1. Which whole-Hz couplings ³J(HN,Hα) result when phi for each residue of segment 297-305 is put into the Karplus expression 6.51 cos²θ - 1.76 cosθ + 1.60, θ = phi - 60°, listed in order with x for Gly and Pro?
2. Over the Cα atoms of segment 177-302, what Rg and Dmax result, in angstrom?
3. Per-residue HN-Hα couplings for segment 231-239, Karplus 6.51 cos²θ - 1.76 cosθ + 1.60 at θ = phi - 60°, whole Hz, x for Gly and Pro?
4. Based on DSSP, what percent of beta bridges with both residues in the chain are antiparallel, to the nearest 5?
5. For Lys41, which aspartates and glutamates qualify as cross-link partners when the Cα separation must be under 17 Å and same-chain residues fewer than eight apart are set aside?
6. Taking R0 as 22 Å, what's the FRET efficiency between Thr321 and Ser61 from their Cβ-Cβ distance, rounded to 0.05?
7. On the protein heavy atoms, probe 1.4 angstrom, tell me the percent of accessible surface of the chain carried by carbon and sulfur.
8. Tell me the per residue accessible area of the chain using a 1.4 Å probe; a whole number in Å² is fine.
Amino acid sequence: SLRACTTRVGEWWVHVGLICIPLVAVYLHIPPPQLSPALQKWHSSGEVFHFRGREIFYRDSYGALGSSDVVILLHGFPTSSFDWNKIWEPLTQHFHRVIALDFLGFGFSDKPRPHRYSIFEQASVVEALVAHLGLSNQRVNLVSHDYGDTVALELLFRTDQNRTGHLIINSLCLSNGGIFPETHYPRLLQKLLKDSSFLAPVLTRLTNYMIFQKGIGDVFGPYTQPTDAEFWDMWTGLRYNDGNLVMDSILQYINQRLKHRERWVGVLTSTFVPLHMIYGPLDPVNPHPQFIRLYQQLVQRSTVTILDEHISHYPQLEDPTGFLNAYFNFIHSF
């Protein structure tokens, strides 16, 4: 019976082992996903520049000949410049130069850890890119989404304050982003990651594709869900260079928005730079109508486009045509 007992204990260990190995593999994320052909193409048509010793990925396309206009695209959390891929070609037909970057900690850019990620540093990354491309004296049009909205507001603040190295902003077009802390409802995982220092390292490692897909799917409209390939591309961009492990540090931006609300909402209400907001109203993060009512009440100089009622948090991916129409109408209006 002793032998039977040890055999049973032995079998029990084998079972525990069989259960633990995949869990450990999930925990350590072995291996990161391969780039799809679409993502590979995006990556290979981009370049990198160095910012304070870090590599920043960007794309810079020359387009319309008769135009001298430049547009710079600022993506959201937790995705990358690839968010702009559906409107890239039409923008190049309209603008002389179309530029997008992956912020530090995102996409194909470096993802240092530990690192104190901040909106201020990301704004400096954009200024450095503009200087690197020789566009410091050129008027630029900014288009931003989500996290990028707040980076754009910091750039606007520096422009309005005439800070050294600032951009010359010709126009700013914002889209679905939590620019008002009081109407912003972060997802549960985001709250846990930004506020729980001891849980965060475990959660960032345990977040797998299924959890990610569910989280992203929730902020897309029911009729405009990403395809499996598109979900996979977003996940691959996040996992590149272990980006999943810096999400908790990056998410401090939610606390930064609250702390610097006066600076960022203040410049929005006082600037004379032409402003537009493109808004997908089904957004659970910045819900309708509270968000847009507050925006129209506070930012009276801005024009607004509210897209179809089934468009949610990612308007440039969910309704690229509606997004472009709204944007071109705005650009032609001043």
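The values are calculated or read from the model by the stated rules, or taken from the named source; none is laboratory data. Fair warning: this is a prediction, and the values are worked out from it, not measured in the lab. Note that we place each Cβ from the backbone using ideal geometry, even for glycine, and neighbour counts take in every protein chain shown. Calculation scope for accessible area: heavy atoms of the full protein, side chains included, ligands and nucleic acids excluded. Shrake-Rupley method; radii C 1.70, N 1.55, O 1.52, S 1.80 Å.
1. Residue by residue, segment 297-305 yields 6, 8, 10, 6, 7, 7, 8, 9, 10 Hz.
2. 16.5, 46
3. After applying 6.51 cos²θ - 1.76 cosθ + 1.60, I find 4, 5, 5, 5, 5, 4, x, 5, 6 Hz.
4. Percentage antiparallel, nearest 5: 30.
5. The qualifying aspartates and glutamates are Asp60, Asp83, Glu89, Asp102, Glu230, Asp233.
6. Working: r = 20 Å, r/R0 = 0.90.
The calculated FRET efficiency here is 0.65.
7. Roughly 57 percent of what the probe reaches on the chain is carbon or sulfur.
8. Here the residues of the chain average 46 Å² of exposed surface.
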